[in-house]
Amino acid sequence: MITLTKDMEIGVPKIDAQHKELVDRLNAVTSMGARSVTKEETKKTLDLLGAYIIKHFGDEEALQKQSGYPNYEAHRKQHQIYINEFKKLKEEFEANGTSAKFTLHLNHSMIQWIVKHIKTVDAEFGKYYRNK
Ligand SMILES: [Fe+2]
């Protein structure tokens with residue numbers, strides 16, 4: 001489980017609210033592994049997460065483009081990497097359910113990755129956006 005801590009706020013209200021929702025959706029997937037839920041329910045929770053990742057990145061990229069953010073392309077590439085990691089997570093789920101490998105991938109490539117991304121890459125954009 002992750003909590004959106006103060007040091008994860010980037011100072012752009014719309015993006016901060018979306019990060020909160022993203023964290024909630026990641027936590028929803030985490031809690032699936034701990035409870036005994038049907039494969040269908042886990043699949044639905046994963047699909048909601050996937051849809052929200054796309055929506056959030058799209059909105060964040062639009063804000064960057066619209067504000068003339070110079071690191072837009074590099075930032076977008078990071079988002080593509082994350083989308084790919086999500087695809088791998090889904091494949092892992094379809095092949096073996098919520099296995100140990102799935103949990104490891106979720107914790108490492110999805111949760112730790114996004115926390116770091118928010119604290120560094122997104123924070124950098126937040127700083128630019130607030131000062132422009
Ligand atoms: Fe980002």
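Values for this structure:
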| read-out | value |
| --- | --- |
| Potential extension, Asn71-Val121 segment - 0.36 nm per residue separation minus Cα distance | 17.1 nm |
| Trypsin sites (Lys or Arg not before Pro) within region 1-47: DSSP coil, no more than 14 neighbouring Cβ in 10 Å | Arg35 |
| Length-normalised contact order for the chain - Cα pairs under 8 Å, 6+ apart - percent | 39 |
| Segment Tyr128-Ser99, length gained on full extension (0.36 nm per residue, minus Cα span) | 6.4 nm |
| Lysines with Cα under 18 Å of Lys119, excluding same-chain neighbours fewer than 8 positions away | Lys6, Lys14, Lys20, Lys77, Lys127 |
| Cross-link partners of Lys101 among aspartates and glutamates (Cα-Cα below 20 Å; sequence separation of 8 or more within a chain) | Glu40, Glu41, Asp47, Glu85, Glu91, Glu92 |
| Dimensions in Å of the chain - Rg and Dmax from alpha carbons | 15.2, 49 |
| Peptide ranges 47-56, 105-114 listed from the most packed, as the mean C-beta count within 10 angstrom indicates | 105-114, 47-56 |
| Candidate lysines for bridging to Lys132, where Cα separation is under 16 Å - those fewer than 8 sequence places away on the same chain excluded | Lys65 |
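None of the figures in this text is laboratory data; all of them are computed from the coordinates on show. Treat the numbers as computed from the prediction; the structure is a model and nothing was measured. Glycine also receives a Cβ, built like all others from the backbone with ideal geometry; neighbour counts cover every protein chain displayed.
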